[in-house]
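Structure, as structure tokens:
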Amino acid sequence: RPSIQWQKDNNASLPTTYRFEEEEGANQNGLPTLSSNLTLTQTQTSDTGDFTCVVTNDVDTKTKSAQLTVLEVPFMPTDVAITSRTKDSVSLSWKEPFDGNDHISGYFIQYSGGIPKVVGWSSPPIDTRGSGLSYTVGGLHPYANYTFRVSAKNEIGTGGYSDSSPLAETEEDVPGPPPDISTVTESSRSIRVQWSEVPFEQQNGIITRYEVEIRERIGPSNLGLPVYKTATESGTYLATVLKPFTYYQFQVRAYTSIGPGMFSSAQST
């Protein structure tokens with residue numbers, strides 16, 4: 001009776017999770033036959049390799065080989081890094097993970113943080129729609145902190161997410177307009193202008209100062225040349241040395257390090 005042995009990558013010692021069965025029979029001519037089946041349970045990437053069935057009798061040895069490739073989802077990418085930043089985007093790079101023995105077709109990116117703050121991770125994730133190892137995430141809020149993570153996908157499915165990237169802060173932008181502008185006449189030659197702070201979501205950076213634009217109203221639709229005054233107090237400015245019995249229009253805007261933002265709505269008095 002011949003003997004049967006299974007080998008993996010020319011190694012006769014197989015893992016205990018492998019099992020093989022032998023079955024005796026006869027072919028159509030009545031001659032005895034012997035068959036063997038090798039079964040792998042709970043397959044994993046390490047099972048990938050060349051399997052050989054070795055049949056030996058007193059006369060000869062015959063072998064038959066087959067290659068097994070175990071497909072799985074990709075491993076998680078590593079070394080997620082920030083490569084550049086703008087006021088509304090962050091560029092990332094990462095290292096390609098093990099592909100699960102299948103071509104990586106793309107990556108998913110999630111971020112956390114921002115303004116308003118994303119609790120947990122953004123959903124749905126951003127699909128890079130390609131296998132490149134870098135991507136620029138756009139549509140972000142100026143002067144906000146973000147962290148990112150990346151996962152890879154292949155035809156089998158999507159792998160786990162990477163560790164979080166280092167913290168990335170987008171650059172500043174000009175601010176939005178101050179709200180709630182109002183005026184109070186304090187004398188025949190002075191008017192106090194008041195406003196509220198630019199809302200946090202529209203500050204887009206550190207507010208360095210506020211500027212008041214003063215224009216004399218000349219007739220119902222005409223305005224004089226603007227005069228610009230820097231407010232030394234937050235939320236208020238006293239315009240003095242004005243002409244008695246004259247109408248004025250006031251607007252306010254805020255500055256960041258980038259420059260001036262939009263003017264507030266106009267207030268006339």
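The residue pairs whose first member lies in the range 122-144 and is among the β-branched types (V, I, T), whose second member is open to solvent by less than 40 Å² (accessible area, probe 1.4 Å), and whose beta carbons are closer than 6 Å, counting only pairs six or more residues apart or on different chains, are I126/I109; T128/G106; T128/Y107; T136/S89; T136/S91; V137/V90. The requirement of being more than 30 Å from P97 (Cα to Cα), among the small types (G, A, S) and at pLDDT 95 or above is not satisfied by G157. Of the residues contained in the range 123-143, one or more are found to be among the basic types (K, R) and more than 27 Å from T17 (Cα to Cα). Can we say T158 is more than 17 Å from the chain's Cα centre (by Cα) and farther than 13 Å from D88 by Cα? Against the criterion (more than 17 Å from the chain's Cα centre (by Cα) and farther than 13 Å from D88 by Cα), T158 does not qualify.
Among the numbered conditions (1) surrounded by fewer than 17 Cβ atoms within 10 Å (Cβ to Cβ); (2) over 33 Å from the mean Cα position of the chain (by Cα), the only one that D163 does not meet is (2). For the range 100-132, the set of residues classified as part of a strand (DSSP E or B) and either over 11 Å from the mean Cα position of the chain (by Cα) or not hydroxyl-bearing (S, T, Y) (or both) consists of G106, F108, I109, Q110, G113, V118, I126, D127, listed by residue number.
If you go through the range 133-159 and pick out every residue that is in contact with a strand residue (DSSP E or B) (Cβ under 9 Å, 6 or more places away or on another chain) and either open to solvent by 40 Å² or more (accessible area, probe 1.4 Å) or not in a loop (DSSP other than H, G, I, E, B) (or both), you end up with 17.
Tallying residues that are open to solvent by less than 90 Å² (accessible area, probe 1.4 Å) and at pLDDT 75 or above within the range 1-36 yields 16. Can you spot a residue in the range 208-223 that is open to solvent by 70 Å² or more (accessible area, probe 1.4 Å) and touching a residue at least 12 places away in the same chain (Cβ under 8 Å)? Yes: the range 208-223 contains one or more residues that are open to solvent by 70 Å² or more (accessible area, probe 1.4 Å) and touching a residue at least 12 places away in the same chain (Cβ under 8 Å). Scanning the range 73-95 for residues that are part of a loop (DSSP other than H, G, I, E, B) and farther than 18 Å from E172 by Cβ yields V73, P74, F75, M76, P77.
May I ask you to say which residue of E96, E72 is of a type in the set (D, E) and out of contact with any Pro (no Cβ under 8 Å at 6 or more places or on another chain)?
E72
Remark: pairs (first residue in the range 72-91, farther than 12 Å from Y146 by Cα; second residue β-branched (V, I, T) and open to solvent by 20 Å² or more (accessible area, probe 1.4 Å); Cβ separation under 7 Å; 6+ apart in sequence or on different chains) = E72/T45; E72/I156; V73/I156; V73/T158. No other residue among V193, V174, V118 is under 30 Å from F263 (Cα atoms), open to solvent by 20 Å² or more (accessible area, probe 1.4 Å), β-branched (V, I, T) and touching a residue at least 40 places away in the same chain (Cβ under 8 Å) apart from V174. None of F148, F98 is within 19 Å of E169 (Cβ to Cβ) and in contact with a Phe, Trp or Tyr (Cβ under 6 Å, 6 or more places away or on another chain) except F148. Annotation note: of S93, S84, the sole residue that is of a type in the set (S, T, Y), out of contact with any Cys (no Cβ under 7 Å at 6 or more places or on another chain), closer than 30 Å to I258 by Cα and open to solvent by less than 40 Å² (accessible area, probe 1.4 Å) is S93.
The values are calculated or read from the model by the stated rules, or taken from the named source; none is laboratory data. The structure presented is a predicted model; accordingly, all values stated were derived computationally and were not measured. A quick note on method: Cβ atoms are made from the backbone with ideal geometry, for glycine too, and the neighbour counts reach across all protein chains shown. We work out accessible area using only protein heavy atoms, side chains counted, and drop any ligands, DNA or RNA first. Shrake-Rupley method; radii C 1.70, N 1.55, O 1.52, S 1.80 Å.
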